Amino acid sequence: MPIPSISLLELSLQVKESLKQSFSQAVWIRAEISELHEKYNDHAYVELIEKDPESDRIIAKAKATCWASTYRLLKPFFESTTGEYLSAGMKVLISCTVEFHEMYGFSLNIRDIDPTYTIGDLAKRKLEILRRLENEGVLSMNKNLAFPLLPQRIAIISSSSAAGYGDFLHQLTHSSNGFVFYTKLFPATMQGDGAQKSIIDALDKVFTCNEIFDVVVIIRGGGATADLHCFNSYELAAHCTQFPLPVLAGIGHLRDETVLDAVAHESLKTPTAVAEYLIEKINETYETLLNAQQQIVVLANRQLQNEKQKLIRILRQLLSGEKEFIYKQTLSLNAVLHQLKRLSEKQTKRNTTTLDGLSQKLQGKFHLYITYKKNTLALLEKEVELLTPQNLLKKGYSLTLKNGKIVRSVSQVKTGDQLITKLHEGEIESVAQ
Amino acid sequence: MSKKTTYSESIKEIENILAQLENDNLDVDTLTEKIQRAAELIKICKEKLLKTDSEIQKILDDMES
């Protein structure tokens, strides 16, 4: 007995028909993109999955398509709103119709995507990454690094062909106010699937010689529909935040900050802004220096002024001291002089009195003496007078001469000698016998 | 000053001198000495900011990336 049956096509058509009745309208579904290929005139072929939140195991999977006519409108809107490319790993809320094709089977036709769901999911994921970094105690490690006073030696992680790299160098060389910068490019792929690994590899290279750099900048060209996916990865954020040099991010996006922005020492919108920031930092340092210089001049002058004042004060003191000294000295000198004068006057007076007395006394004595001498002389004169031969003769004495010579002894006279005897009055001539 | 002295060390020394100028009554000899030292440090710092150090440039140019 033949078993009742229908053909595969009949079944397929029945399934198709019942699906059409059950899902006559588009349905909003939550799913994760596991694959996305853009092919043939911008049609998008997508694989959607759902994972078990506990085990992360895939528990549902479906093919989906988005025809070019829809995709051309959806894609730019989605990417400009979320700041991310539609790509694998992304959670999406999509409006789709359920399709069944007798040849290709079950698939979904994407009619619309709600970017806010993805944004919410991304934000949630970013938050999870940040929380994880925080739990690991590394979230603020890079931010806590002291920013160098002189961020001059710059390790650049970028793509050599990136417009952002050019912008950065241009800004550094043309608006640097004469400040010196040293740059070294560590090339990396800045978007697409390989970006995260490429950037981490570049960071590792900088790490091996980090002592010759002051900062690391991660830059790339801007663009409204930038693929920021790799900058929201835990691995890159973990590398950056634990990097021993301050990391500056300038990954050119205008929307919510990425995880990289959150952990970087400084996050700036564009590479040009990073360059401006560095120039500004050096400028601050320069101004601090100029300020210090000015302050030193002012303070030194003040100190010198103080010193001068001190000198003047001392000099004044000295001068006034000297005056006082001289005044005092003069006073005491005057006093001494006065006293001297007085003393000398007194002395002179005394002396004069004494002298007067003396001279009087002397005069008196002298007079006596003279008188005495006079008397003595007079006596002597008298005596002498008495002793003259005339006076002796007068007294009766006589003088006998022989040949004109005085005879003092008989022996002088021989018999017959003629002698003359002088008397007071007259002479006697005689002959000895 | 040796080449090893970093910018921040120089700045620290300058700030130190500043503090001394601000607080202490330095005698004129010390004052002169301090000012000369500060001038020297400021000159070195300015040079670091404004003059390319060919040595650094060479290290970076020679480096593989």
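FYI, it's all coordinate maths here, none of it is from the lab. Computed from a predicted structure; not experimentally measured. Cβ coordinates were reconstructed from backbone atoms using ideal geometry, including for glycine residues, and neighbour counts include every protein chain displayed.
Given the alpha-carbon gyration tensor of region A:141-246, what are the semi-axes of its equivalent ellipsoid in whole angstrom, ordered largest first, with each equal to the square root of 5 times an eigenvalue?
Numbers: eigenvalues 93, 68, 28 Å².
After diagonalising the Cα gyration tensor, the semi-axes are 22, 18, 12 Å.
Each semi-axis of the equivalent ellipsoid for region A:171-230 is √(5λ) with λ an eigenvalue of the Cα gyration tensor; in descending order they amount to 24, 18, 7 Å.
Across chain A, where is the longest run that never hits trypsin sites (Lys or Arg not before Pro) in a DSSP loop with at most 16 other C-beta atoms within 10 Å? Mind showing how you got there, number by number?
Working: sites that count: A:Arg57, A:Lys143, A:Arg255, A:Lys269, A:Lys395, A:Arg408, A:Lys414.
Of all site-free stretches, the longest is A:270-394.
Here's how it looks for A:Val407: its modeled amide H is under 5 Å from those of A:Thr400, A:Leu401, A:Lys402, which are all 5 or more places away or on a different chain. Counting neighbouring beta carbons within 10 Å and listing from fewest to most, the residues A:Phe243, A:Phe231 come out as A:Phe243, A:Phe231.
Suppose we flag GluC sites (Glu not before Pro) only when DSSP calls them loop and at most 16 other Cβ atoms lie within 10 Å. Which is the longest uninterrupted stretch of chain A?
A:137-424
Fraction of C-alpha pairs exceeding 24 angstrom in region A:237-380: 75 percent, rounded to a whole number. Helix screen, chain B: DSSP H segments with Cα axial length of 15 Å or more and mean Kyte-Doolittle hydropathy at least -1.0 are B:7-23, B:28-50.
Can you give the Rg to Rh ratio of region A:64-163, both from alpha-carbon atoms, with Rh computed by the Kirkwood formula? The partial results should precede the final answer.
Numbers: Rg = 20.8 Å, Rh = 17.6 Å.
Rounded to two decimals, Rg over Rh is 1.18.
Scattering from the protein assembly as shown was approximated by placing one identical point on each alpha carbon and applying the Debye formula without solvent; log10 I(q)/I(0) at 0.09, 0.10 1/Å stands at -0.87, -0.96.
Each pair of Cα atoms in region A:323-420 enters the Kirkwood radius, and Stokes-Einstein at 20 °C and 1.002 mPa s then converts it into a translational diffusion coefficient of 101 µm²/s.
Would you mind computing the Rg to Rh ratio of region A:344-393 from its alpha-carbon coordinates, Kirkwood style for Rh?
Numbers: Rg = 21.0 Å, Rh = 13.9 Å.
Ratio of gyration radius to Kirkwood radius: 1.52.
The distance from the alpha carbon centre of region B:1-56 to that of region A:85-121 is 66 Å, rounded to a whole number. Spatially, region A:285-310 and region A:333-394 are offset by 92 Å when compared through their Cα centroids. Modelled spin labels at A:Glu54 and A:Phe325, positioned 7 Å past Cα toward Cβ, are 10.5 nm from each other. Note on region A:236-314: Rg/Rh from Cα positions, Kirkwood definition for Rh, rounded to two decimals, is 1.42.
Per the Debye formula on identical point scatterers at the alpha carbon atoms of region A:27-110, with no solvent, log10 I(q)/I(0) at q = 0.10 Å⁻¹ is -0.24.
Enclosing the Cα atoms of chain B in their convex hull gives a volume equal to 87 cubic angstrom per residue.
As an exercise, identify the trypsin sites (Lys or Arg not before Pro) in region B:18-63 lying in DSSP coil whose Cβ has no more than 10 other Cβ atoms within 10 Å.
Counting only loop positions with at most 10 other Cβ atoms within 10 Å, the trypsin sites (Lys or Arg not before Pro) in region B:18-63 are B:Lys51.
Would you list the membrane-span-like helices of chain A, meaning whole DSSP H runs whose alpha-carbon atoms span at least 18 Å along their axis and whose mean Kyte-Doolittle value is at least 0.0?
On the way: long enough: A:8-22 (21 Å, -0.07); A:68-82 (20 Å, -0.23); A:115-135 (29 Å, -0.67); A:195-208 (20 Å, 0.26); A:271-387 (161 Å, -0.44).
Sorted by number, the helices that extend far enough and score high enough are A:195-208.
Only one residue of B:Ile35, A:Phe231, A:Ser107 has its Cα farthest out toward the positive end of the dipole of the protein assembly as shown, where Lys and Arg carry +1 and Asp and Glu -1 on Cβ, and that residue is B:Ile35.
So which chymotrypsin sites (Phe, Trp or Tyr not before Pro) in region A:76-169 pass both tests, a DSSP loop state and at most 16 other Cβ atoms within 10 Å of the Cβ?
Loop-located and lightly packed - A:Tyr104.
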